[in-house]
Structure formats: C-alpha cells, structure tokens
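Just below is one structure, and these are the notes that go with it.
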Amino acid sequence: MKYDTIIIGAGIAGMTAAIYLKRAGKSVLVLESKMQGGQIINTINIENWPGALGISGAELTENIHAQMIKLGADFEYEEVLSINKTDDSFTVKTDDGEHSSKSIVIATGTEPRKLSAKQEQDAGERTISYCATCDGALYKGKPVVVVGSGNTAKHEIKYLENIASKVYHIHHDDPIPKDAVAVFVAIGRIPNTKFLENLVELDSKGYIKASEDCKTSRKGVFVAGDCRTKDIRQLVTAAGDGAIASQAVVDYLG
Ligand SMILES: Cc1cc2nc3c(=O)[nH]c(=O)nc-3n(C[C@H](O)[C@H](O)[C@H](O)COP(=O)(O)OP(=O)(O)OC[C@H]3O[C@@H](n4cnc5c(N)ncnc54)[C@H](O)[C@@H]3O)c2cc1C
C-alpha cells in the first residue's frame, strides 16, 4: 500500500501530526523505533502542558497514542534506516522491511549525547544512566557521579543529593572517580538525523534545516519537533509543529 504520509517518530510531534492528518482524511503510517511517547516518557510530573494540572509523560503520551490509533493511524515498531525518493513517491527502508508513501514527516527528536570514548572506557562495568529521576533510586546510600556543566546536570545533582551518599560533579572528559558506582550523563542532546544526511539539508549540529513552516529542503519531506532548527524545544512547540507540518502535507498532496 502506498500511504499518503509516513511519519517517522512517535513522540509528541509525530503523533500530533498523525492526529491532524487522519482528521484531514489522509492515510498515515507512523513508525517508531523504541517506545511511543519519545523523550518525555520518563518525566513524572509535567507542569506546563496546558489544561493538565500536572500529568506524567507516560500518561500524556499514552493518551495521545490512543487518540491517534482511534482516528485510524497505522502504527508499527520499526526503526527507519533510510529514505529514497523515486519519481513521485518515497521508499522508507526499516529494520523490518520497506514502506511506500507520497510524503514524509520526520519527527525523530533528539537523544542524549554519549560520554567520550575515554570516559566510557574509564566507566568500565559501572552503570551509565541518562536519567537521574529514572535510575537514581537504585543508588541509595552509594557514591555516584554526574557528568556535565549545564542546567540539566545541575538538576540531576540536586535530585541525586537526596539519595546518594556522595555526588561527584565532573565535566566532559574529566576522569571518573574510582569509588562512584554509577555515572549520570547530562552533556546535552543530539538530533536523530544521521540517516537523513543525503535526503535533506542539516545544520552543523545535525538539526534539519526548516523554519516555522516545517518544510525541509526536499519537496514532499516535512519536519516537526525537536529535530528541526528552532529556538524552543518543548512539548507545546513539538505539538504545534505537528499541526503545521500536517497542514503542509495536506497542501502538498493537493
Ligand atoms: C528529561 C526531560 C524532561 C522534559 N520536560 C519537559 C517539560 O516538563 N515540559 C516541556 O514542555 N518539555 C519538556 N521536555 C522537552 C520535551 O520532552 C521535548 O521538547 C519533546 O518531547 C519533543 O518531542 P518530539 O516529538 O519532537 O521528539 P521526541 O520526544 O524525541 O520523539 C522522537 C521519537 O522518534 C523516535 N525515533 C528516532 N529515530 C527514529 C528512527 N530512525 N525510526 C523510527 N523512530 C525513530 C524516537 O524513538 C522517539 O520516540 C523535557 C525533555 C527531557 C529530556
């Protein structure tokens, strides 16, 4: 089957695009490599999603996923490896096969930046975590280390200070203290766009070049959410992009 649109990534941006496209009467396939919900999934209390006086990332994204399925979007757990343009359609190659569509919405978000090779070697068998809220409780009364120098690192340190016996704070590439049993990494995020290098223009950090209209350098390929060049990466801006990208798809399909 050739879909009107294939959406890559089931975070807030991708799932919002699916809701809008289904309501516009389009056939939609959403492909997700991990868990639907994206990077907000482990956040326990979101305080800035309008209309909810506090909601967990898991509940919010489960609701949006259910809404998208109820409206008739097809959904598969597959990782997209490459996209090729052939005449008037796109072939999307995944770890489980191939799909075809008339247009594409990229909503692949970002992932945490990894430790340097030197620090990873230094960490050896010790646990490496990217989320103190998710894993901190496992290290009650034990020494841990936080790597990073930005606001996220400060937040992780504050959180862990109530749990661990000691929280070391080091920067990217510093040696990891010998007695720390777990390494919490907070050194920023990188866009999930490596597989798109030959399809659309990326900026020097790997973000997909696009403005508020969510149009990429390639006709028929649209982008929504944190993986595009933008100033504010938040849930509401990701959802807003989903709506804008879907309207651009509708206009493109004619
Ligand atoms: C710890 C934390 C707390 C936050 N708290 C808040 C908050 O309180 N309020 C707020 O507004 N914002 C918050 N944010 C920011 C917010 O989570 C993001 O702005 C938003 O989730 C971005 O949504 P997205 O859909 O663009 O991307 P993502 O949520 O990153 O979703 C992208 C999805 O694409 C999938 N994917 C990637 N590559 C592929 C591929 N090749 N094939 C298939 N699927 C793929 C990923 O698995 C992922 O599910 C927080 C972020 C973090 C990390």
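The values are calculated or read from the model by the stated rules, or taken from the named source; none is laboratory data. Being a predicted model, the structure only gives us computed values, none of them experimental. Reconstructed Cβ throughout: ideal geometry from the backbone, glycine too, with neighbour counts over all protein chains shown. These accessible areas exclude ligands, DNA and RNA; they are computed on the full protein's heavy atoms, side chains included. Shrake-Rupley method; radii C 1.70, N 1.55, O 1.52, S 1.80 Å.
Before we move on, is THR152 in the same structural domain as GLY57 (by TED's automatic domain parsing), surrounded by fewer than 22 Cβ atoms within 10 Å (Cβ to Cβ) and over 23 Å from SER101 (Cα atoms)? Spelling it out, it is not the case that THR152 is in the same structural domain as GLY57 (by TED's automatic domain parsing), surrounded by fewer than 22 Cβ atoms within 10 Å (Cβ to Cβ) and over 23 Å from SER101 (Cα atoms).
Taking the options GLN67, GLN39, name whichever one is more than 7 Å from the ligand (Cβ to nearest atom) and part of a helix (DSSP H, G or I). Spell out the reasoning first.
Values: GLN39 fails: more than 7 Å from the ligand (Cβ to nearest atom).
That would be GLN67, the only listed residue that is more than 7 Å from the ligand (Cβ to nearest atom) and part of a helix (DSSP H, G or I).
Give me a count of the residues in the range 14-48 that are open to solvent by less than 40 Å² (accessible area, probe 1.4 Å) and closer than 22 Å to TYR130 by Cα. Let's see the steps before the verdict.
Quick first cut of the range 14-48, residues open to solvent by less than 40 Å² (accessible area, probe 1.4 Å) only: 14-19, 21, 26-32, 36-38, 40, 46.
With closer than 22 Å to TYR130 by Cα added as a condition, the list becomes 32, 36-38, 40, 46.
The total comes to 6.
Note on the range 186-214: among residues that are part of a strand (DSSP E or B) and farther than 30 Å from ASP135 by Cα, the one that is least open to solvent (accessible area, probe 1.4 Å) is ILE208.
With of a type outside the set (S, T, N, Q), free of Cβ contacts under 8 Å to residues at least 12 places away in the same chain, in a strand (DSSP E or B) and under 28 Å from LEU202 (Cα atoms) as the only criterion, which of GLU98, GLU76, GLU111 stands out? It would help to see each step written out before you state the result.
Numbers: GLU76 fails: free of Cβ contacts under 8 Å to residues at least 12 places away in the same chain; GLU111 fails: free of Cβ contacts under 8 Å to residues at least 12 places away in the same chain.
Result of the check over GLU98, GLU76, GLU111: GLU98.
Note on the range 7-33: residues that are in a strand (DSSP E or B) and either without any contact (Cβ under 8 Å) to a residue 12 or more places away in the chain or away from the ligand (no atom under 14 Å from the Cβ) (or both) amount to 1.
Take ILE163 and tell me if it is at pLDDT 95 or above and under 19 Å from the mean Cα position of the chain (by Cα). It is false that ILE163 is at pLDDT 95 or above and under 19 Å from the mean Cα position of the chain (by Cα). Looking at the range 90-125 only, could you name the residues that are modelled with pLDDT under 95 and more than 15 Å from the ligand (Cβ to nearest atom)? LEU115, SER116, ALA117, LYS118, GLN119, GLU120, GLN121, ASP122, ALA123, GLY124, GLU125 - these are the residues of the range 90-125 that are modelled with pLDDT under 95 and more than 15 Å from the ligand (Cβ to nearest atom).
Checking the stated criteria, SER217 turns out not to satisfy the condition of being at pLDDT below 95, at negative phi and either open to solvent by 40 Å² or more (accessible area, probe 1.4 Å) or charged (D, E, K, R) (or both).
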